[in-house]
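The values are calculated or read from the model by the stated rules, or taken from the named source; none is laboratory data. Predicted model only: the values in this text are computed from it and were never measured. Cβ placement follows ideal geometry from the backbone for every residue including glycine, while neighbour counts extend to all protein chains displayed.
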Amino acid sequence: MVRVQPGEPVKPRTCAVSVSGDGGAGASCYRFCYPRLRTSFLGVKLPRMADDPRESVEKLEALGVRGILLRLARDGQIVDVRCEMPQCYCFRGRRHFEPRSARPHDWEPTADHYPRLKMHGGLLTPDNVRLGHRLCNKRDYIWRMKINALLAKRMSLEQIAEKLNAQKVPTIHGTNRWTASSVRKAFVS
Ligand SMILES: [Zn+2]
């Protein structure tokens, strides 16, 4: 255990990973050594870098997020808290999130099963998660379920678009009607 005397400057522990040929204790070292740690160590604030994973951890914690999203952030696997869904509807932008509460909010953070969808057996494992607003996630799921079923019936994209319009399925962002190309765009995104 490293003992630090009062007043003694706290040095980062020597990193076994040599990042920039400086022995590993340089600035880049923080990206590898500290994502799991707090913003300060023994009362001394640790320096920040761009894309510092600790910022994502703090933001997610402040939003009341637990589980896989927080774990990914702590492991340095989320460096930007933004909606990663192909279509984002949040009028305040991809980086705006509301805290989680007892009553689900459209703009609260959720974990989306991606690239392997939940309905195809995907699990919320580190290699199969993206961060999204609850509403963006929900809409993505609705399209995929509907479009998948219609594709299985060998309907053309044009026919699928007509069907989605008739069922008043919410369209992709920036459009007010489904078209053959927007069906394709939604499906392949
Ligand atoms: Zn979104």
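Per the listing Leu124, Leu117, the residue uniquely in contact with a helix residue (DSSP H, G or I) (Cβ under 8 Å, 6 or more places away or on another chain), at pLDDT below 90 and more than 9 Å from the ligand (Cβ to nearest atom) is Leu117. Only one of the listed residues (Ile147, Ile172) is part of a helix (DSSP H, G or I), surrounded by 14 or more Cβ atoms within 10 Å (Cβ to Cβ) and not assigned by TED's automatic domain parsing to the domain that holds Ala62. That residue is Ile147. Residues in region 77-106 that are within 14 Å of Leu60 (Cβ to Cβ), within 10 Å of the ligand (Cβ to nearest atom) and in contact with a strand residue (DSSP E or B) (Cβ under 8 Å, 6 or more places away or on another chain): Arg82, Cys83, Glu84, Phe97.
For region 150-168, give me each residue that is in contact (Cβ under 8 Å) with a residue 24 or more places away in the chain and crowded, with 17+ Cβ neighbours inside 10 Å.
Initially, region 150-168 is screened for residues in contact (Cβ under 8 Å) with a residue 24 or more places away in the chain, giving 151, 156-157.
If the condition is that a residue be in contact (Cβ under 8 Å) with a residue 24 or more places away in the chain and crowded, with 17+ Cβ neighbours inside 10 Å, then Leu157 is the only one that fits.
Checked against the criterion of being part of a loop (DSSP other than H, G, I, E, B), more than 26 Å from Asp127 (Cβ to Cβ) and touching a residue at least 12 places away in the same chain (Cβ under 8 Å), the candidates Asp106, Asp80 yield just one match: Asp106. With the condition kept exactly as written, say whether any residue in region 83-91 is part of a loop (DSSP other than H, G, I, E, B), at pLDDT below 95, over 24 Å from Thr175 (Cα atoms) and not assigned by TED's automatic domain parsing to the domain that holds Ala149. So far as region 83-91 goes, no, none of its residues is part of a loop (DSSP other than H, G, I, E, B), at pLDDT below 95, over 24 Å from Thr175 (Cα atoms) and not assigned by TED's automatic domain parsing to the domain that holds Ala149.
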